[in-house]
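The values are calculated or read from the model by the stated rules, or taken from the named source; none is laboratory data. Not measured: the values here are computed from a predicted model. Reconstructed Cβ throughout: ideal geometry from the backbone, glycine too, with neighbour counts over all protein chains shown. These accessible areas exclude ligands, DNA and RNA; they are computed on the full protein's heavy atoms, side chains included. Shrake-Rupley method; radii C 1.70, N 1.55, O 1.52, S 1.80 Å.
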Amino acid sequence: MNEINTKTVSSLLPMDSHIGLDLLEQASDGVVIIDDRNMVVFFNTAAEHLWGYSKEEILGKNVSCLVPSIYRQQHDSYIDANRRTGINKIVGTSREVTFESKAGDYISGEMSISTALIGPEKKRYYMAFMKGVTEEGHRKRLLDLQNSVFHALSGDTMIQDVADMICQEVEGFVPNTVAVLMLLDEDNHLQILSGPGLPRRFALALERLTLTQADLHALDSDPAEATTIVWDSYLALGASLGLHSCWALAIKNRKGRTLGIFALYSRNQHKLSNWPQKIVEGCVPFCGLVIEQHEARQHISQLSNYDPVTGFLNRSVVHRMLKTMITLPNESRFAVYMIDIDRFRDINDALGHVHGDGFLKAVAERLKRLSRSNYILSRSGANEFIIIVPNVTESTVSDFARKIMDCLREPIEIAGNQIVGTVGIGISQYPQHGPDGESLLSYAEQAMRNAKKQGPGTFRVASSEDNKAAQDRLVLGLALRESIADGLLTLHYQPQVESSTGMIYGVEALSRWNHPTLGNIYPSRFIAVAEETGQIEAIGKWSLEKAVRQMTTWDRAGIHVPTMAVNLSAGHFRDRLLPEYLANLLRDHGLPAERLTVEITESVMMEENEETMSVLAAIRNLGIGLSMDDFGTGYSSLSRLTRLPLSEIKIDRSFIMNLDHDANAQAVTTAVIGIGSRLGMTVVTEGVETTQQCTMLKNLNCDVMQGYLFARPMPPEGVEEWVRARAN
């Protein structure tokens, strides 16, 4: 074949076009021209520098020799389709591409293609301009990825999706590679957070790896030692699976703790440039943020579903699991054991809460050793445990109760004291004792109370006599219906104060019921009955009307209460007419929307259906505040929290009551205040009763406090006196 050079192309062009070819030869960008047979007929000096080939090696060869090897077989068909159809998908456009140099490096570039009919036979030629992407271009791609990661983390994107996005983008930066994001758990095991392209055998090998103290020390000294850990010991396995090289770095947090490893494995057998290493270095900082966010969400989930002292499930989760077990199609039987520790208050008073928690942990550990893997264990109260045992029979239901009492008879050493624990146990059974979880727990609780009346260290299986509790609920429900109709319910109001100023922030409206014959009924009791009997929505609307009317009464009397918070149940938010009702109520009484706050429960958060979310959004659009009540005690999750249009979070009193001596309570409170602040929400803490709690919350920059330290719930006239007294 004759040598093909610039003259070959020149012979096809008019004389005055030769100057243009000379200019192309000297262009700073790579220029490649191919003829009607896809052969390279022009390859300038800049192209030689980009690809690493000389003109002699390229001219006269099919252009596919310049594209990555994985695309070479199909490349001619792409060009032929354009020649045949005239449909231009890349001609006349500019796009970023990756090509393979002579040395085997993958190099990024920006390519634009033009085409023309040349010569008397009008043969179609193509000309490509290739501009190599500079280091600045590489940095821009990494910056774009970093911004995408930050945007995803600030929203409700699943952590798994963020990790997958990082790996997929990085694999696009360097074709024919596999990116893997690994985290290090508390036991120093590697866990793959994302690595969809990694061969399964290699992934299993990595996940069996436990880092030794020597490994951790090496990573502390040099993060690049990660390559030794995740590659040097697996060279043979990697090669057998088509992996030939690796770049890896340890991921660390701001305190220097190793969080995980980010690795990039290559299937290319040639030596690559240092660009892959730079990619890994650039990704490590925001990979660290992803892992920290993952750990934070896991921590919030743990706090929401598990008791921080024992690690057992909390009572809210038990309700869910009971509901699931009851709805199973099979006819399984199970028993609910409610276990109450005798004289636990004495242990707390004598040894302090820290050692009291130590005693609870020891009891929990014994209950765990006694239980099989399919048992459900929960700490449902300060000194109360629940165990659900499946597949029990009438003859075996009492056997487990005896085992519980026997296992606790062995002394537990706490702070040098040998403590022998005794418990009272109540047992209910499904289906004998009710069709739902609430009934089963109620029967078990009543049986437990009856057992404790008989003395310490006893148990009782629920019987027909325990039906009295259900009958009481029925009587209470009927009485409640009559009281609502007769206007026997009242509202009391508990003030909330601004932490920074001590000024009144608002009040929370709380329902009270004093029945002529039944006496004073606690809210926790009649609200539960109202929910069971379908009267809770009537109480909610009554509370709203009463509270709004009271605000206007105070305004006329010159008593300024900035905001009023009213509790509503989950059922209210399934009513599409609720926003309209609230708007009309505020308009009729001339009350600005921002002075009303509606408190929602975590069951509303769990529903998260389109109808409920629409109602919540409409309420916020009116300007009414939306508060998450008792945050942290049930189903709270960070992802759901960010999807709700909340203006306020209320931290449950159970955390505040232990704030001054419980590190876990302090951690939760600090985390929730920080989360609320970052999300632009007001954080309210309930149950503030001591000056020490008040001081700690101020130091944590809590926005608003509520509790007996400031005022108990009181009738309207009491609020008036309280406001006037604080104003003087």
Is at least one residue of segment 196-212 assigned to a helix (DSSP H, G or I), open to solvent by 70 Å² or more (accessible area, probe 1.4 Å) and of a type in the set (Asp, Glu)?
yes
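Given the options Glu599, Glu594, name the one that is charged (D, E, K, R), under 24 Å from Ala711 (Cβ atoms) and outside any helix (DSSP H, G or I). Steps first, answer last, please.
Details: Glu594 fails: outside any helix (DSSP H, G or I).
Every option except Glu599 fails the conditions.
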Would you check if there is a residue in segment 420-435 being under 30 Å from Met657 (Cα atoms) and surrounded by fewer than 18 Cβ atoms within 10 Å (Cβ to Cβ)?
yes
Residue that is nearest to Cys702 (Cα to Cα), among those in segment 487-518 that are outside any loop (DSSP other than H, G, I, E, B), open to solvent by 20 Å² or more (accessible area, probe 1.4 Å) and out of contact with any Leu (no Cβ under 8 Å at 6 or more places or on another chain):
Glu498
With the condition kept exactly as written, say whether any residue in segment 620-631 is basic (Lys, Arg), over 17 Å from Ser499 (Cβ atoms) and modelled with pLDDT of 90 or more.
yes
With respect to the numbered conditions (1) open to solvent by less than 10 Å² (accessible area, probe 1.4 Å); (2) modelled with pLDDT of 90 or more, which one is the sole condition not fulfilled by Gly676?
(2)
All conditions in (1) part of a strand (DSSP E or B); (2) at pLDDT below 90; (3) open to solvent by less than 60 Å² (accessible area, probe 1.4 Å) are true of Ala364 except (1)
Answer yes or no: is there a residue in segment 235-254 that is among the polar types (S, T, N, Q), open to solvent by 30 Å² or more (accessible area, probe 1.4 Å), within 18 Å of Val180 (Cα to Cα) and in a helix (DSSP H, G or I).
no
State which residue pairs qualify: first residue open to solvent by 30 Å² or more (accessible area, probe 1.4 Å) and inside segment 149-170, second residue assigned to a helix (DSSP H, G or I) in any location, beta carbons under 6 Å apart, and separation of 6 or more residues or different chains.
Asp156/Ser639; Asp156/Thr642; Asp156/Arg643; Glu169/Leu145
Take segment 652-666 and flag every residue that is charged (D, E, K, R) and more than 15 Å from Cys694 (Cβ to Cβ).
Asp652, Asp662
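Quick check on segment 560-585: of everything there that is more than 16 Å from Ser647 (Cα to Cα) and of a type in the set (A, V, I, L, M), which residue is surrounded by the most Cβ atoms within 10 Å (Cβ to Cβ)? Even if it seems obvious, please write down each step before you answer.
If we filter segment 560-585 for residues that are more than 16 Å from Ser647 (Cα to Cα), which is where we start, we get 560-561, 569-585.
Subset that is of a type in the set (A, V, I, L, M): 561, 570, 577-578, 582-583, 585.
Working: Val561: 21, Ala570: 17, Leu577: 9, Leu578: 21, Leu582: 23, Ala583: 17, Leu585: 17.
Among residues in segment 560-585 that are more than 16 Å from Ser647 (Cα to Cα) and of a type in the set (A, V, I, L, M), the one surrounded by the most Cβ atoms within 10 Å (Cβ to Cβ) is Leu582.
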Scan segment 132-143 and tell me whether some residue there is under 30 Å from Ala205 (Cα atoms) and assigned to a helix (DSSP H, G or I).
yes
Do we have any residue at all in segment 197-218 that's under 25 Å from Arg139 (Cα atoms) and either of a type outside the set (A, V, I, L, M) or free of Cβ contacts under 8 Å to residues at least 12 places away in the same chain (or both)?
yes
If you check Leu117 against the conditions, is it assigned to a helix (DSSP H, G or I) and of a type outside the set (Lys, Arg)?
no
Just one listed residue, out of Val672, Val668, Val683, is assigned to a strand (DSSP E or B) and closer than 30 Å to Ser154 by Cβ, and it is Val683
Looking only at segment 6-43, filter to residues that are of a type in the set (Gly, Ala, Ser) and at pLDDT below 80; which one of those is surrounded by the fewest Cβ atoms within 10 Å (Cβ to Cβ)?
Ser11
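Do we find that Pro435 is at pLDDT below 80 and under 24 Å from Thr324 (Cα atoms) in this structure? Explain how you work it out, then say what you get.
Working: at pLDDT below 80: yes; under 24 Å from Thr324 (Cα atoms): yes.
In short, yes.
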Conditions: (1) touching a Gly at 6+ places or on another chain (Cβ under 8 Å); (2) in a helix (DSSP H, G or I); (3) not aliphatic (A, V, I, L, M). Glu720 meets all but one. Number of the miss?
(1)
Condition test on Ala224, is it without any contact (Cβ under 8 Å) to a residue 12 or more places away in the chain and buried (at least 16 other Cβ atoms within 10 Å of the Cβ)?
no
Which listed residue is open to solvent by 50 Å² or more (accessible area, probe 1.4 Å), in a strand (DSSP E or B) and modelled with pLDDT under 85, from Glu110, Glu186:
Glu110
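Those residues that are among the aromatic types (Phe, Trp, Tyr) and surrounded by fewer than 20 Cβ atoms within 10 Å (Cβ to Cβ), I need them from segment 367-386; list them, please. Steps first, please.
As a first pass, look at segment 367-386 and keep what is among the aromatic types (Phe, Trp, Tyr): 375, 385.
Residue satisfying the conditions is Tyr375 alone.
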Going through segment 392-403 one residue at a time, which ones are in contact with a Phe, Trp or Tyr (Cβ under 7 Å, 6 or more places away or on another chain) and either within 13 Å of Ile341 (Cβ to Cβ) or assigned to a loop (DSSP other than H, G, I, E, B) (or both)?
Val392
So which residues in segment 49-64 are in contact with a strand residue (DSSP E or B) (Cβ under 8 Å, 6 or more places away or on another chain) and part of a helix (DSSP H, G or I), if there are any at all?
His49, Leu50, Trp51, Lys55, Ile58, Val63
Within segment 684-713, how many residues are open to solvent by less than 30 Å² (accessible area, probe 1.4 Å) and among the aliphatic types (A, V, I, L, M)?
6
From the list Ser677, Ser647, pick out the single residue that is touching a helix residue (DSSP H, G or I) at 6+ places or on another chain (Cβ under 9 Å), within 30 Å of Thr612 (Cα to Cα) and polar (S, T, N, Q).
Ser647
Would a scan of segment 655-672 turn up a residue that is under 30 Å from Trp554 (Cβ atoms) and modelled with pLDDT under 90?
yes
Out of (1) within 22 Å of Asp662 (Cβ to Cβ); (2) open to solvent by 20 Å² or more (accessible area, probe 1.4 Å); (3) modelled with pLDDT under 80, the one Leu328 does not meet is (1)
What pairs come up if the first residue lies in segment 396-416 and is of a type outside the set (S, T, N, Q), the second is in a strand (DSSP E or B) and open to solvent by 70 Å² or more (accessible area, probe 1.4 Å), and their beta carbons are under 9 Å apart, counting only those six or more places apart or on different chains?
Pro411/Gln418; Ile412/Gln418
In segment 387-406, what residues are surrounded by 11 or more Cβ atoms within 10 Å (Cβ to Cβ) and among the hydroxyl-bearing types (Ser, Thr, Tyr)?
Thr396, Ser398
Those residues of segment 646-701 which are hydroxyl-bearing (Ser, Thr, Tyr) and in contact with a Cys (Cβ under 9 Å, 6 or more places away or on another chain), in sequence order:
Thr669, Thr685
